[in-house]
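Heads up, the thing below is written out as structure tokens.
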Amino acid sequence: MMNDTVSSATTQVAPAPHAIETRSVAFEIGGRALLDGVSVTISPGEYVAVMGRNGSGKTTLIRHFNGLLLPTSGECFAFGLPTRDPRCLREIRRRIGLVFQDPDDQMVAVTVEDEIAFGLENRAVPPEEMDQRVEAVLDIFHLQHVRKRSTSALSGGEQQRVAIAAVWATNPDVLVLDEPTSMLDLVSSVALLELLNEIRGSKAVVHVTQNLQEAARAERLIVMDEGRIVFDGPPQQALEESDSLRRWGIAAAGRPASRNTPPGTSIAISTEALNHVRDDGNETNHVLKDVTFQALRGSVLAIVGKSGSGKTTLAYHFNRLLEPTSGEVRIGERPAHSIALHELRRIVGLTFQRVDLQLFEASVLDDVAFGLVQRGMERAEAYRRARLFLHRMGLDPDSFGNRAPGTLSTGEKRRVALAGVLVSEPEVIVLDEPTSGLDAASVEQLSEIVSELANQGKTLLIITHDLNFAARTADGVILVDEGRAEVLEGTDRLGELAATWLAETLSRFRSSAA
């Protein structure tokens with residue numbers, strides 16, 4: 001009997017390690033605590049959503065999972081391997097694939113197909129198998145039509161799809177996605193969510209999101225606030241606690257925007273037969289095709305369309321970051337090309353989709369005040385106004401003013417960039433994906449700011465994939481499709497567009513799965 005007991009004990013199999021485990025992880029940078037004693041385990045095959053207000057520590061946490069960041073104190077393990085041990089990092093990063101929120105941060109190759117092949121080459125995948133995997137992923141993510149295109153010539157949404165596809169191709173055991181739908185149109189978002197559903201159980205998925213509907217698809221929800229985990233459990237349990245969701249900054253009060261002044265009758269900005277042809281060396285693309293529209297003073301127009309349709313290219317013509325191949329942009333009655341650039345860019349303010357391109361000064365306050373100082377405003381007044389507009393964007397100037405922009409979350413960066421545009425009080429304001437990366441409370445605040453600006457007679461052109469935000473804030477819609485633009489009166493057709501795109505996506509996904 002004793003021998004049987006010993007035999008049974010010696011053959012007992014040790015439990016499999018967690019896919020990810022953190023033990024009392026703290027992380028500080030510049031004297032600021034971004035994580036504060038975070039302990040969490042994620043099992044192989046588990047689907048976990050992570051939510052939290054801007055700056056709560058979500059991105060900082062997931063960058064510990066594969067050793068991109070190392071704890072100031074505490075320990076982090078991936079499949080039992082310590083991320084502190086440099087000898088383990090190759091294996092950890094083979095098994096844990098991480099997709100950044102800003103896809104441009106991880107683009108390394110010149111063309112789309114080379115980008116997808118890059119990770120496979122690093123893993124010494126045989127050429128024949130590599131070719132098969134690249135072809136399969138190009139099909140899965142509907143990227144065949146851009147396979148030879150330069151990654152730098154892609155739209156933000158296309159770049160995001162390529163970044164996800166490149167990590168997907170390496171077949172990691174854990175897929176960590178940092179707001180993967182933030183730049184995607186509805187079609188691509190739904191397709192990605194369907195793909196994640198298909199792999200449920202076979203791979204662990206860690207999905208950082210600001211979208212409650214996306215979080216509800218997971219089997220487990222982690223909510224972070226001020227560097228700590230404040231909820232860890234079934235999503236439905238959290239979704240039933242509306243007061244807690246608002247307290248954690250991941251749900252808004254839902255107040256209606258305070259728009260009370262109708263648009264004026266004079267034209268603020270217009271285009272006439274605008275064409276733009278781009279040659280990136282590999283191919284020539286007719287990106288804009290005879291685009292004609294006009295926006296009245298005090299109006300809000302949403303510019304919507306699928307990724308790569310030409311929306312951002314159109315926006316870059318409004319203040320001559322790009323020049324038309326033919327046709328023209330007019331500011332009021334004046335052709336844009338007849339206006340000095342410094343004057344034009346005072347009249348037309350633009351926030352970029354990739355917000356890092358807009359922030360370059362040493363501190364947040366310097367960045368917001370930069371344009372005013374360059375125009376000759378007294379520094380004291382410029383900085384007084386910069387503080388005022390930071391506060392207006394929900395950022396305490398005493399807490400954020402001296403911080404380096406690079407230490408901010410993406411949502412915080414977006415609000416700083418918007419403050420830097422609004423502080424100059426332009427007459428026309430162009431916002432490229434302004435809700436990308438924003439938490440729910442910030443989106444609500446932004447909708448109120450849009451209404452306030454329109455009430456003041458400002459004209460706003462908002463490029464967005466967020467059709468709910470468009471319906472809430474806009475007077476009209478410009479639908480861009482393969483470079484052509486259709487002007488829609490009002491926002492009534494947004495629901496119809498969403499339903500059509502959703503049906504197309506699900507049909508396409510189910511056909512390819514079959």
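Taking the Cα-to-Cβ direction at residue 108 and at residue 73 and moving 7 Å from each Cα, how far apart do the two end points lie in nm?
3.5 nm
Spin-label point model (7 Å from Cα, Cβ direction): what's the residue 26 to residue 292 distance in nm?
6.6 nm
Please work out the C-alpha center-to-center distance from the stretch 193-213 to the stretch 126-159 and express it in whole Å.
Computed from Cα coordinates, the inter-centre distance equals 21 Å.
Quick query: amide H of residue 18 versus all other amide H atoms, modeled in the peptide plane; which residues come in under 5 Å with a sequence gap of 5 or more or a different chain?
Result for residue 18 returns 80.
Largest first, please: the extent of the C-alpha atoms of the chain along each principal axis, to the nearest Å.
Rounded to whole Å, the extents work out to 98, 52, 40 Å.
Can you list the HN-Hα couplings for the stretch 430-437, worked out from phi with the Karplus curve (6.51, -1.76, 1.60; θ = phi - 60°), rounded to whole Hz and with x for Gly and Pro?
For the stretch 430-437, the Karplus curve yields 10, 10, 9, 6, x, 8, 4, x Hz.
Please report, as a whole percent, how much of the solvent-accessible surface of the chain comes from carbon and sulfur atoms (probe radius 1.4 Å). Intermediate values should be presented prior to the final figure.
Details: 11050 of 22370 Å².
Ligands and nucleic acids excluded, carbon and sulfur reach 49 percent.
So, R0 is 22 Å and r is the distance between the beta-carbons of residue 84 and residue 124; what FRET efficiency does that work out to, to 0.05? Please report the intermediate quantities before stating the final value.
Values: r = 26 Å, r/R0 = 1.18.
According to the calculation, E is roughly 0.25.
Step through the table entries 148/311; 148/306; 58/306, compare each Cα-Cα distance with 23 Å, and write down the pairs that go over it. Numbers along the way, then the final one.
Numbers: 148/311 21 Å; 148/306 20 Å; 58/306 28 Å.
From the list (148/311; 148/306; 58/306), the Cα-Cα distance tops 23 Å for 58/306.
With unit charges on the beta carbon (Lys/Arg positive, Asp/Glu negative), name the residue among 78, 154, 59 whose Cα is farthest towards the positive pole of the charge dipole of the stretch 1-155.
59
Can you compute the charge dipole magnitude of the chain about its Cα centre, using +1 on each Lys and Arg Cβ and -1 on each Asp and Glu Cβ, nothing else charged? Give it in debye, rounded to the nearest 20.
So the dipole magnitude of the chain works out to roughly 760 debye.
Quick one: divide the alpha-carbon radius of gyration of the stretch 128-267 by 2.2 N^0.38 Å and tell me what you get. Show your work: numbers first, answer last.
Working: Rg = 19.3 Å, N = 140, 2.2 N^0.38 = 14.4 Å.
Dividing the Cα Rg of the stretch 128-267 by 2.2 N^0.38 Å gives 1.34.
Between Rg and the Kirkwood Rh of the stretch 9-102, both from Cα atoms, what is the Rg to Rh ratio? Walk me through the numbers on the way to the answer.
On the way: Rg = 14.2 Å, Rh = 14.2 Å.
Rounded to two decimals, Rg over Rh is 1.00.
Hey, what do the phi angles of the stretch 213-229 turn into as Karplus ³J(HN,Hα) couplings, whole Hz, using 6.51/-1.76/1.60 and θ = phi - 60°, x for Gly and Pro?
Once θ is set to phi - 60°, the couplings for the stretch 213-229 become 5, 5, 4, 5, 6, 7, 8, 8, 10, 10, 10, 10, 8, 6, x, 10, 8 Hz.
Could you sort the peptides 347-360, 392-405 by per-residue average Cβ neighbour count (10 Å cutoff), highest mean leading?
Details: 347-360: 19.6, 392-405: 17.2.
So the order, starting with the most tightly packed, is 347-360, 392-405.
About its Cα centre, what dipole magnitude does the stretch 300-457 give when the only charges are +1 on Lys and Arg Cβ and -1 on Asp and Glu Cβ, stated in debye to the nearest 20?
Computed about the Cα centre, the dipole is about 260 debye.
When you count, for each residue, the other Cβ atoms within 10 Å and take the mean per peptide, how do 89-96, 442-449, 377-384, 417-424 rank with the highest first?
Numbers: 89-96: 18.0, 442-449: 20.0, 377-384: 14.0, 417-424: 23.4.
Ranked from most to least packed, the peptides come out as 417-424, 442-449, 89-96, 377-384.
Compute the accessible area per residue over the chain, keeping the other protein chains in place, probe 1.4 Å, unit Å².
Values: 22370 Å² over 514 residues.
Per-residue value: 44 Å².
Between residue 392 and residue 455, take the C-beta separation as r, use R0 = 22 Å, and let me know the FRET efficiency to the nearest 0.05.
Numbers: r = 15 Å, r/R0 = 0.66.
Result of the calculation: an efficiency of 0.90.
With N residues in the stretch 299-438, what two-decimal value do you get for its Cα radius of gyration over 2.2 N^0.38 Å?
So the Cα radius of gyration is 1.08 times the expected 2.2 N^0.38 Å.
Would you kindly state how much longer the chain becomes between residue 144 and residue 213 on full extension, computed as 0.36 nm times their sequence separation minus their alpha carbon distance, in nm to one decimal?
Working: separation 69, 0.36 × 69 = 24.84 nm, distance 2.95 nm.
Fully extending the segment from residue 144 to residue 213 adds 21.9 nm.
Roughly how big is the stretch 190-267's charge dipole about its Cα centre, with Cβ charges of +1 (Lys, Arg) and -1 (Asp, Glu), in debye to the nearest 20? The partial results should precede the final answer.
Working: 9 positive and 10 negative charges, 48 e Å.
Charge dipole, the stretch 190-267, about its Cα centre: 240 debye, nearest 20.
Hey, could you grab the Kirkwood Rh for the stretch 263-302? Inverse mean 1/r over distinct alpha carbon pairs, Å, one decimal. Could you put the intermediate results ahead of the total?
Details: mean 1/r = 0.0838 Å⁻¹.
That comes to 11.9 Å for the stretch 263-302.
Among 235-243, 291-299, how do they line up by average Cβ neighbours within 10 Å per residue, starting with the highest? Don't skip to the answer; put the middle values down first.
Working: 235-243: 13.9, 291-299: 19.2.
In descending order of packing, they fall as 291-299, 235-243.
Express in nm, to one decimal, how much length is gained between residue 323 and residue 492 on full extension, taking 0.36 nm for each residue of separation and deducting their alpha carbon distance. The partial results should precede the final answer.
Numbers: separation 169, 0.36 × 169 = 60.84 nm, distance 3.27 nm.
Length gained between residue 323 and residue 492: 57.6 nm.
Taking the Cα centre of each part, how many Å lie between the stretch 434-467 and the stretch 19-76?
31 Å
Would you please report the Å³ per residue occupied by the convex hull of the alpha carbon atoms in the stretch 373-443? Mind dumping the intermediate values first?
On the way: hull volume 7.3 nm³, N = 71.
About 103 Å³ per residue, rounded to a whole number.
Calculate the all-directions average of the projected area of the stretch 44-90's alpha-carbon convex hull, and give it in nm². Let's see the in-between values first.
Details: hull surface 16.3 nm².
If you wrap the Cα atoms of the stretch 44-90 in a convex hull and average its projections, you get 4.1 nm².
In Å, the Kirkwood hydrodynamic radius of the stretch 223-362 over pairs of distinct alpha carbons?
Numbers: mean 1/r = 0.0526 Å⁻¹.
It is 19.0 Å.
Could you run the Karplus curve 6.51 cos²θ - 1.76 cosθ + 1.60 with θ = phi - 60° over the stretch 156-165 and give me ³J(HN,Hα) per residue in whole Hz, x for Gly and Pro?
Values, residue by residue: x, x, 5, 4, 5, 5, 5, 4, 5, 4 Hz.
The values are calculated or read from the model by the stated rules, or taken from the named source; none is laboratory data. The structure presented is a predicted model; accordingly, all values stated were derived computationally and were not measured. Positions of Cβ are backbone-derived with ideal geometry, glycine not excepted, and every protein chain shown enters the neighbour counts. Ligands, DNA and RNA are stripped out before the accessible areas are found, and what is left, the full protein with its side chains, is counted by its heavy atoms. Shrake-Rupley method; radii C 1.70, N 1.55, O 1.52, S 1.80 Å.
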